[in-house]
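Okay, so here's the structure we're looking at.
The values are calculated or read from the model by the stated rules, or taken from the named source; none is laboratory data. Fair warning: this is a prediction, and the values are worked out from it, not measured in the lab. Glycine gets a Cβ as well: all are built from the backbone with ideal geometry, and neighbour counts include every protein chain shown.
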Amino acid sequence: MIELRHLTKTYGDPPHATTVLDHLDLTVPAGSITAVVGPSGAGKSTLAQCVTLLTRPTSGSVVVAGQDLTDLRGDRLRAARRRIGTIFQSDGLQTRRTAAQNVELPLRYLGVVPRDRRRRVAELLERVGLAGHADRYPHELSGGQRQRVGIARALALRPTVLLSDEATSGLDPEATASITALLRELRDDLGLAILFITHEMDTVVDVADAVARLDHGRIVESAPLLDVLRDP
Ligand code: ADP
Ligand code: ADP
């Protein structure tokens, strides 16, 4: 699971400091999907950057499976970051590499030997429903398929947390539905804790077990989905 504890992010120095995240608390248990929704400017991107440890919070902590990752540096930080897989709005695939080669990249960087890489890549593409598309280049795939390759790549190093940052925002409704169905499968089969950041309320209804509403840097409402929907 992932826990954000009193997470605060302030940009700039007083008197011009802007507090974007303000003592934010949020827990996503293993095997569940929490959506974080909020209008533009609410702090969603900043939250994503803190969760992936690309940005260091001003205070507070990011805790994954009980380990506080916030103050790690160097190799230990790099190792910790592998526990958090990320998918973005842009699939981020390398256009001159095939689906299989894209998924293989994190394994190569980690020094996994070729035979194990091949086995793992085949397994990952199968898991996201693209077993027959291993040798296709990104331009030969649909937007939804490219995002699936991105998901396979994000899973390559067996993360315990998956962060989805507007990952369905560029997709048509059908592709969006196939991605949300896949995320639910990953939640159930791998027990991932999935943090699903989006500005699209329709998608939230489809995917999330719980919804956290981000407003002025705080979670103003965090509730099981049905409670949120019941709200007038
Ligand atoms: P969202 O993703 O919900 O639109 P952001 O996290 O991008 O929200 O931005 C939240 C607020 O933080 C905005 O007011 C934005 O101007 C401010 N902000 C974001 N990044 C920076 C930065 N690097 N320096 C200063 N202010 C920033
Ligand atoms: P093993 O590591 O012995 O293969 P696991 O129980 O770790 O067994 O995983 C069972 C299957 O699920 C494996 O084939 C593995 O590829 C897949 N798997 C498990 N955890 C993850 C994860 N976090 N990301 C992607 N795939 C995973």
| Would you pick out the residues in region 58-67 that are surrounded by 20 or more Cβ atoms within 10 Å (Cβ to Cβ) and modelled with pLDDT of 95 or more? | V62
| field | Among (1) in contact with a Leu (Cβ under 8 Å, 6 or more places away or on another chain); (2) within 16 Å of ligand 1 (Cβ to nearest atom) - the single one R81 does not satisfy | value | (2)
| Does D91 meet the test of being in contact with a Pro (Cβ under 8 Å, 6 or more places away or on another chain) and modelled with pLDDT under 95? | yes
| query | Does region 27-49 contain any residue that is in contact (Cβ under 8 Å) with a residue 40 or more places away in the chain, more than 29 Å from R127 (Cα to Cα), more than 13 Å from ligand 1 (Cβ to nearest atom) and of a type in the set (G, A, S)? | reply | no
| query | Hey, which of the strands (runs of 3 or more DSSP E) in region 1-88, taking only ones fully inside, have at least 2 residues that are within 16 Å of ligand 2 (Cβ to nearest atom) and closer than 27 Å to G191 by Cα? | reply | 32-37, 84-88
| Condition check for V103: in a helix (DSSP H, G or I), on the phi < 0 side of the Ramachandran plot and of a type in the set (V, I, T) | yes
| task | Would you please list the contacts, defined by Cβ atoms under 7 Å and residues six or more apart or on different chains, that run from a residue in region 136-148 that is in a helix (DSSP H, G or I) to a residue that is of a type in the set (S, T, Y)? | result | P138/T95; H139/T95; G144/S178
| Just a yes or no: is a residue in region 176-194 touching a helix residue (DSSP H, G or I) at 6+ places or on another chain (Cβ under 8 Å), small (G, A, S) and more than 16 Å from ligand 1 (Cβ to nearest atom)? | yes
| request: Scan region 4-19 and give yes if some residue there is closer than 21 Å to A208 by Cβ, touching a residue at least 60 places away in the same chain (Cβ under 8 Å) and surrounded by 15 or more Cβ atoms within 10 Å (Cβ to Cβ), otherwise no. | output: no
| query | Pick from region 169-199 the residues that are in a loop (DSSP other than H, G, I, E, B) and touching a residue at least 60 places away in the same chain (Cβ under 8 Å): which of them is nearest to A48 (Cα to Cα)? | reply | H199
| In region 177-207, what count of residues is obtained for those that are touching a Ser or Thr at 6+ places or on another chain (Cβ under 8 Å), within 19 Å of S45 (Cα to Cα) and not polar (S, T, N, Q)? | 8
